[in-house]
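Here's the structure we're looking at; comments come further down.
Values quoted throughout were computed directly from the atomic coordinates according to the rules given, and no laboratory measurement underlies them. Since we're looking at a predicted model, the values are computed, not measured. Note that each Cβ is placed from the backbone with ideal geometry, even for glycine, and that neighbours are counted across all protein chains shown.
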């Protein structure tokens, strides 16, 4: 309902002068108590025909009036913070949230005006603070000088770059039907240039540069000491393009990824294994919004660089120079994914089925049930010449 109200407000807001976005403020729909911290959201809409660049304000000067009494307070921007102008494309909007402390002297019907923004007065109701807050006046005065003192907000305040981290390859923990062949994987990527940085605003193509890290461990849960049989550490630098417009109308997504990856098992002596690859991977996406049914096809081509160690000189014969990723299914239901590899010593295949556990019984469990079948050469580095055949079951965080 709130987003509908905001859109209706945009329709009836007088147009701003050229190059400026329309602005709407939104206050929480629930109870706003006097003397307590609250938040407001500011929506900057680009209703023009060209992209606009704006500098999001770090603070807002708000005048709150109630029962013929007016008090000026400061609202502080909540993370993530922007370090330069932000681009808003045609027909799009950006939302920025602010924290403020409601004056304890006010109660009843109230209105809020913001000095820095040409926006209509926002109306809301202030109720008397509950008696069980246990907050002293001195603490309230301190809270009014900064954003809400919550641990996650403090972490974001002092770690402003954490918004650049995101999921990359699948993250899962799987137990083999033969526990000796259990496996887990973690993976993430880091966007080097944030979207709101001035360099990214002026040169949007630099947003595609990422650092990636994936770690795949093969865990022998059958042995008494449960040792790790091998682990692959895979740092990489890659470029992921935005959606390319030069594509057929029936294709929802066309992207490409290219990068350089190092892979090592971190061991020394005769057990040491490592390889370096340069790769390029186009990505084709078909998706139906009405059914949420999608298909992803991504062929990969790689070349090996400085792969000259005596103990794995012939590694490319087992890992190959070509693979094909396929994902098919519904975004909120069953998805089947497969990876097919062609190599001189023979083909390899991995098939994964994932299903969200919160669909029926486990409504509050944010995990996927995952089933994996592997028939592959070089699944790990240490025993790359041996073919692994395994059936595994477990849980995934990212599929």
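Listed by Cβ neighbour count within 10 Å, with the fewest neighbours leading, 387, 261, 313, 392 appear as 313, 387, 261, 392.
Taking 0.36 nm per residue of separation and subtracting the Cα-Cα distance, full extension of the segment from residue 362 to residue 305 would add 15.9 nm. What separates the Cα centres of the range 194-249 and the range 259-287 is a distance of 11 Å. The C-alpha atoms of the chain define a longest principal axis, and helix 2-12 lies at about 60 degrees to it. Taking packing as the residue-averaged number of other Cβ atoms within 10 angstrom, the listed peptides 87-95, 43-51 run from highest to lowest as 43-51, 87-95. With both labels modelled 7 Å from their Cα along Cα-to-Cβ, the residue 161 to residue 267 distance reads 3.3 nm. Ordered from longest to shortest, the equivalent ellipsoid semi-axes for the range 168-233 are 39, 9, 7 Å, each the square root of 5 times a Cα gyration tensor eigenvalue. Multiplying the residue separation of residue 74 and residue 95 by 0.36 nm and subtracting their alpha-carbon distance yields 5.7 nm. Most mobile of 283, 73, 361 per a Gaussian network model of the chain (Cα springs, under 10 Å)? Among 283, 73, 361, the largest mean-square fluctuation in the Gaussian network model of the chain belongs to 361. Can you classify the range 320-364 as rounded, prolate or oblate using the Cα gyration tensor, where a ≥ b ≥ c are the square roots of its eigenvalues, rounded means a/c under 1.5, and otherwise it's prolate if a/b beats b/c and oblate if not? It comes out prolate by the Cα gyration axes. For the pair residue 175 and residue 322, the difference between a 0.36 nm per residue extended length and the Cα-Cα distance amounts to 50.1 nm. Comparing Cα centroids, the range 50-86 and the range 316-382 end up 46 angstrom apart. Which FRET efficiency value, to the nearest 0.05, do you get for residue 290 and residue 251 by plugging their Cβ-Cβ distance into 1/(1 + (r/R0)^6) with R0 = 25 Å? That pair, residue 290 with residue 251, gives E of 0.90. The shape of the range 22-104 can be summarised by an equivalent ellipsoid whose semi-axes, obtained from the alpha carbon gyration tensor, come to 28, 13, 11 Å from longest to shortest. Below 8 Å between Cα atoms, with a sequence gap of 6+, how large is the relative contact order for the chain in percent? Reported as a whole number, the value is 10 percent. Scaling the Cα radius of gyration of the chain by the globular reference 2.2 N^0.38 Å produces a ratio of 1.26.
For a label point 7 Å from the Cα of residue 123 along Cα→C-beta, name the residues of the range 29-48 whose backbone N is under 18 Å from it. Under cut-off, by backbone N: 29-32.
Structural size metrics of the range 244-399, computed from C-alpha coordinates, are Rg and Dmax of 18.2, 56 Å. Between residue 345 and residue 278, the simple spin-label model (points 7 angstrom out along Cα→Cβ) gives 2.5 nm.
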